[in-house]
Amino acid sequence: MKRLLKRVGISLLLLVIGLLAPIGYIELACKPGHGASDYAAILPPDQRRPEGRTLLTYPEWHIVHAYDDYAKVISTGDPHDYKYWPAIGGFWTSLCSLSKASGPHGGFPAEFKSTVYTIGVSFTAELLAKALYEETIGRVATLIRGETRAPLDDLTAQQAAQYAQFLRQVPWYQWDFRQNASAITDRATDAFRDRERRLAIGLEYKAKAVYAKAIAAAVANMEPDALRLRMIVTGLSAADLTAFDDVDVIATLPEGIEIEAPRYRALTELLLQWAKAGGDFVEIAGNDDILFTVTSEVLHLDEALYSFGRQGYSDTRHLILLPVPELAEALRGLDERDLTLEHIHDY
């Protein structure tokens with residue numbers, strides 16, 4: 001028994017070291033470059049957000065994109081067709097590139113960097129566990145099933161796609177995992193694959209439901225992140241801007257019109273519409289640089305900080321950092337470059 005406990009202890013220690021190793025690598029090998037920005041913000045201090053956060057928001061979106069890729073893969077294939085290691089590696093290697101680029105933008109704020117490390121370790125552990133199961137027992141279950149998909153193969157693919165869409169605007173822990181588990185139980189047939197999916201995915205959903213409840217309770221007493229931000233726009237009138245839902249004009253300044261708008265996915269859609277309507281952006285949340293992602297059939301873009309292929313889509317995602325005043329022109333030129341806007345990363 002002592003020998004068994006020792007082996008278990010050593011295995012757990014090695015697992016923890018393995019999960020934490022990418023953090024050590026980033027801290028040692030991906031240090032920010034030198035050169036601080038001398039930009040003088042227009043918006044007042046209480047409306048400014050740390051510029052380095054535009055880089056730090058990507059890792060969270062990498063996870064959103066990974067779930068979307070997974071949903072795309074299993075819409076026609078099986079979970080073992082998804083490449084788990086590249087998804088994990090893409091999180092940490094992109095974070096390394098962003099860390100190196102963060103120097104002129106104030107670096108990574110420590111409190112936000114620790115959050116990114118935490119979700120990175122959780123994401124890594126989740127995908128490793130899923131890969132271990134799907135590449136073994138899950139793969140055997142598909143061999144027994146044969147070429148014809150079982151009802152729960154299609155249902156779990158639908159649920160994965162809905163979850164990925166949900167994550168674009170809402171925190172993951174607000175998703176109703178228990179409802180998903182109930183749907184699996186209700187729709188399962190007596191086929192072996194359905195029984196296997198009901199057990200495996202049902203347990204996964206129930207475990208995530210418990211974890212989500214714990215996370216929701218933990219953040220309940222924390223000050224929520226702002227859901228809106230201020231920015232300065234030119235080229236459009238106040239009437240043009242307020243014609244959009246949830247947009248408020250705050251003031252007319254010499255530099256342009258100060259407005260308040262929603263963040264996250266909603267902001268991406270607004271900025272694209274304003275750029276196409278002739279608008280230009282002077283400053284966003286007190287910052288003059290911003291990160292955005294595009295997809296294309298081109299494997300590399302010279303201006304990209306990082307590029308990698310999307311699973312299930314046969315195209316490539318590119319991370320681009322550029323000055324805020326150049327953002328609108330870049331958005332207007334996407335079509336002629338055969339680029340598709342994916343997300344603009346606010347702060």
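The values are calculated or read from the model by the stated rules, or taken from the named source; none is laboratory data. Since the model is a prediction, treat every value here as computed from it, not as a measurement. As a convention, Cβ positions derive from the backbone with ideal geometry for all residues, glycine included, and neighbour counts pool all protein chains shown.
Pull up the stretch 300-325, narrow it to residues that are in contact (Cβ under 8 Å) with a residue 60 or more places away in the chain and not in a strand (DSSP E or B), then point me to the one that is nearest to Pro59 (Cα to Cα).
If we take residues in the stretch 300-325 being in contact (Cβ under 8 Å) with a residue 60 or more places away in the chain and not in a strand (DSSP E or B), then Gln311 is nearest to Pro59 (Cα to Cα).
Residues in the stretch 34-46: is at least one more than 30 Å from Ile232 (Cα to Cα) and touching a residue at least 60 places away in the same chain (Cβ under 8 Å)?
No, because not a single residue in the stretch 34-46 is more than 30 Å from Ile232 (Cα to Cα) and touching a residue at least 60 places away in the same chain (Cβ under 8 Å).
Collect the residues in the stretch 154-168 that are touching a helix residue (DSSP H, G or I) at 6+ places or on another chain (Cβ under 7 Å) and closer than 21 Å to Ala183 by Cα, keeping them in residue-number order.
So in the stretch 154-168, the residues touching a helix residue (DSSP H, G or I) at 6+ places or on another chain (Cβ under 7 Å) come out as 155-157, 159-161, 163-164, 167-168.
Leu155, Thr156, Ala157, Gln159, Ala160, Ala161, Tyr163, Ala164, Leu167 - these are the residues of the stretch 154-168 that are touching a helix residue (DSSP H, G or I) at 6+ places or on another chain (Cβ under 7 Å) and closer than 21 Å to Ala183 by Cα.
Which condition does Leu319 not pass, out of (1) under 30 Å from Ser75 (Cβ atoms); (2) surrounded by fewer than 16 Cβ atoms within 10 Å (Cβ to Cβ), if it passes all the others?
Only one criterion in (1) under 30 Å from Ser75 (Cβ atoms); (2) surrounded by fewer than 16 Cβ atoms within 10 Å (Cβ to Cβ) is unmet by Leu319, namely (2).
So, in the stretch 267-282, of the ones that are in contact with a helix residue (DSSP H, G or I) (Cβ under 6 Å, 6 or more places away or on another chain) and assigned to a strand (DSSP E or B), which residue ends up surrounded by the fewest Cβ atoms within 10 Å (Cβ to Cβ)?
Restricting to residues being in contact with a helix residue (DSSP H, G or I) (Cβ under 6 Å, 6 or more places away or on another chain) and assigned to a strand (DSSP E or B), the top hit is Asp280.
Take Gly106 and decide whether it is free of Cβ contacts under 8 Å to residues at least 40 places away in the same chain and either small (Gly, Ala, Ser) or not assigned by TED's automatic domain parsing to the domain that holds Leu203 (or both). Outline the logic, then answer.
Working: free of Cβ contacts under 8 Å to residues at least 40 places away in the same chain: no; either small (Gly, Ala, Ser) or not assigned by TED's automatic domain parsing to the domain that holds Leu203 (or both): yes.
When the stated conditions are applied, Gly106 does not pass them.
Looking only at residues in the stretch 12-30 that are free of Cβ contacts under 8 Å to residues at least 12 places away in the same chain and under 17 Å from Val116 (Cβ atoms), which one is surrounded by the fewest Cβ atoms within 10 Å (Cβ to Cβ)? Talk me through it step by step, then tell me what you get.
Within the stretch 12-30, the first condition is being free of Cβ contacts under 8 Å to residues at least 12 places away in the same chain, and the residues that meet it are 12-18, 21, 24, 27-28.
Those still in the list that are under 17 Å from Val116 (Cβ atoms) too: 21, 24, 27-28.
Numbers: Ala21: 12, Gly24: 10, Glu27: 12, Leu28: 8.
Only one residue fits best here, namely Leu28.
Assuming Leu143 fulfils every condition listed in (1) surrounded by 12 or more Cβ atoms within 10 Å (Cβ to Cβ); (2) without any contact (Cβ under 8 Å) to a residue 24 or more places away in the chain apart from one, which condition is it?
Only one criterion in (1) surrounded by 12 or more Cβ atoms within 10 Å (Cβ to Cβ); (2) without any contact (Cβ under 8 Å) to a residue 24 or more places away in the chain is unmet by Leu143, namely (1).
Checking Arg230 against (1) among the charged types (D, E, K, R); (2) touching a Leu at 6+ places or on another chain (Cβ under 6 Å); (3) more than 30 Å from Val282 (Cβ to Cβ), which single condition isn't satisfied?
Answer for Arg230: the failing condition is (3).
All but one of (1) surrounded by 14 or more Cβ atoms within 10 Å (Cβ to Cβ); (2) free of Cβ contacts under 8 Å to residues at least 40 places away in the same chain; (3) β-branched (Val, Ile, Thr) hold for Thr118; which doesn't?
Of the numbered conditions (1) surrounded by 14 or more Cβ atoms within 10 Å (Cβ to Cβ); (2) free of Cβ contacts under 8 Å to residues at least 40 places away in the same chain; (3) β-branched (Val, Ile, Thr), the odd one out for Thr118 is (1).
Could you list all residues from the stretch 39-58 that are modelled with pLDDT under 95, outside any helix (DSSP H, G or I) and buried (at least 22 other Cβ atoms within 10 Å of the Cβ)?
Glu51, Gly52
If I ask for residues that are within 12 Å of Ile63 (Cβ to Cβ), out of contact with any Phe, Trp or Tyr (no Cβ under 7 Å at 6 or more places or on another chain) and touching a residue at least 60 places away in the same chain (Cβ under 8 Å), which ones from the stretch 122-137 would you list?
Just the residues of the stretch 122-137 that are within 12 Å of Ile63 (Cβ to Cβ), to begin with: 122-124, 126-127.
Now drop any that are not out of contact with any Phe, Trp or Tyr (no Cβ under 7 Å at 6 or more places or on another chain), which leaves 122, 124, 126.
Within the stretch 122-137, just Thr124 meets the criteria.
Within the stretch 233-270, can you find the residues that are in contact with a Leu (Cβ under 7 Å, 6 or more places away or on another chain) and among the aliphatic types (A, V, I, L, M)?
Result: Val233, Val247, Val249, Ile257, Ile259, Ala261.
Within the stretch 146-161, restricting attention to residues that are surrounded by 19 or more Cβ atoms within 10 Å (Cβ to Cβ) and closer than 30 Å to Trp61 by Cβ, which residue is farthest from the chain's Cα centre (by Cα)?
To start, the set of residues in the stretch 146-161 that are surrounded by 19 or more Cβ atoms within 10 Å (Cβ to Cβ) comprises 150, 152-153, 155-157, 159-160.
Checking which are closer than 30 Å to Trp61 by Cβ leaves us with 152-153, 155-157, 159-160.
Numbers: Leu152: 26, Asp153: 25, Leu155: 23, Thr156: 21, Ala157: 19, Gln159: 18, Ala160: 15 Å.
Restricting to residues being surrounded by 19 or more Cβ atoms within 10 Å (Cβ to Cβ) and closer than 30 Å to Trp61 by Cβ, the top hit is Leu152.
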